[in-house]
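Right, one structure below, let's go through it.
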Amino acid sequence: MNSQFQEFQRIIASKEGFLISCHVHPDGDGIGSLLALGAVLFKMGKNVRLVCTDDVPSVYGFLEDNSPVAISQGFDEPPEVLICVDCAERERVAISADIWNRRNLFIINIDHHITNAGFGHLNIIDSNAAATGEIILQLLKELQLPVNHQVALALYTAIATDTGFFRYANTSAETLESCSYLVKTFQIEPAKVAEQVHEQKSYNSVRLLGEVLNTLCLGLDGKVAWSVLDQQMLAKYPVENEETESYVNYARSIEGVEIGILFKELRPNQIKLSWRSTSAVDVSKLASNFGGGGHARAAGCTINGSLPEVIDKVLHFVTDFYGY
Ligand code: 5GP
Ligand code: MN
């Protein structure tokens, strides 16, 4: 067993109060990892709180249904241990900022982002893992901790969503083996999970997609495609944040496109960028230039400025990147 897993085992055995959090704007991997680890520690008799300051996207509501611990937006008692799952940086942990000032707080950082610099006292980071859920499954198996159907469903969903349902380059033999194990041992139904996540779209989200696709542009000899989602469109078709997550994939899916970008206006003068790429470009490096990060094929950052200013700035940067 590797030394990080041993250290995790030691901490779990010796401490009682745990607070687990995922990243802001949580996705399937964040929520799945949070609920899976939370349920296991709960079953071990630990005092567990699950915290995410943002709402759980309703598509992942089915994961919370059978969880012994609910996700709340805050916490009362200070924990002994804070476990951050799927968070590339401390600043992305979805928890009130004053937590970091607590003395004697032991921080465990479990993640698969290549840009994670290791902000915990114990860092379990594997950038080859397709999802944080895959690392947690490995941890639970090695430490022989109790997995049940609810935990398996959360982990399967974490891995399936972070691999685009096994379509992205992070899907490895180990990823498929992990999911095969979950399906076989705990009777997870892949078709049901796919249906829960992808076939329950709101009418507004599909109409909003239409608005976003109308803004699609192609540049740099067809290598870069981008589209825009502004507050006016959102006011016309209100949706949850999570429902816009897949819009950027349409830009990348165009033949010849190496980089797809979605410029989303969070509020006036604050633009969130989603970067997606094919195997040609590592977009985590491009997003890092603007203070963000993520993975080689999917990254994000937030830039202050008006939509036209930010688009102009980013396209100039990408033009320089290609050396035009
Ligand atoms: P998305 O475009 O779906 O928001 O994010 C894609 C990937 O980039 C995710 O893995 C996410 O964790 C990461 N990411 C998104 N925004 C940021 C950011 O502002 N900072 C960092 N470090 N990573 C981000
Ligand atoms: Mn992830």
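Annotations for the structure displayed:
- K15 versus H316: modelled label distance in nm, points set 7 Å from Cα along the beta carbon direction: 4.6
- Nearest-20 debye value, the chain charge dipole, Cβ charges on Lys, Arg, Asp, Glu: 240
- Checking the Cα-Cα distances for K223/K272; K43/K184; K46/K285; K15/K141; K184/K285 against a 29 Å cut-off, the pairs over it are K46/K285; K184/K285.
- Among S288, Y168, S127 - extreme Cα towards positive end, dipole of the chain, charges at beta-carbon: S127
- Potential extension, S58-N289 segment - 0.36 nm per residue separation minus Cα distance: 79.9 nm
- Available extension along the chain between L266 and K43 is 76.4 nm, counting 0.36 nm per residue and deducting the alpha carbon span.
- GNM top mover of P238, P190, P308 - the chain, alpha-carbon springs below 10 Å: P308
- Ellipticity at 222 nm from helices only: DSSP H runs of n ≥ 4 in the chain, each -39500 (n - 2.57), divided by the residue count, give -11500 deg cm²/dmol.
- Residue (of V257, T278, P79) at the positive-pole extreme of the chain, dipole from beta-carbon charges: P79
- Each label point was placed 7 Å from the Cα along the Cα-to-Cβ direction; for E91 and N241 their separation is 1.5 nm.
- The fraction of accessible area contributed by carbon and sulfur in the chain is 48 percent, rounded to a whole number (1.4 Å probe; ligands and nucleic acids excluded).
- Note that the chain presents 45 Å² accessible area per residue, ligands and nucleic acids not counted, probe 1.4 Å.
- Cα centroid of the stretch 249-324 to Cα centroid of the stretch 92-166, whole Å: 26
The values are calculated or read from the model by the stated rules, or taken from the named source; none is laboratory data. Small disclaimer: the values here were computed from a predicted structure and weren't measured. In this analysis, Cβ positions are derived from the backbone assuming ideal geometry, glycine residues included, and neighbour counts consider all displayed protein chains. Surface areas here come from the heavy atoms of the whole protein model, side chains and all, with no ligands, DNA or RNA. Shrake-Rupley method; radii C 1.70, N 1.55, O 1.52, S 1.80 Å.
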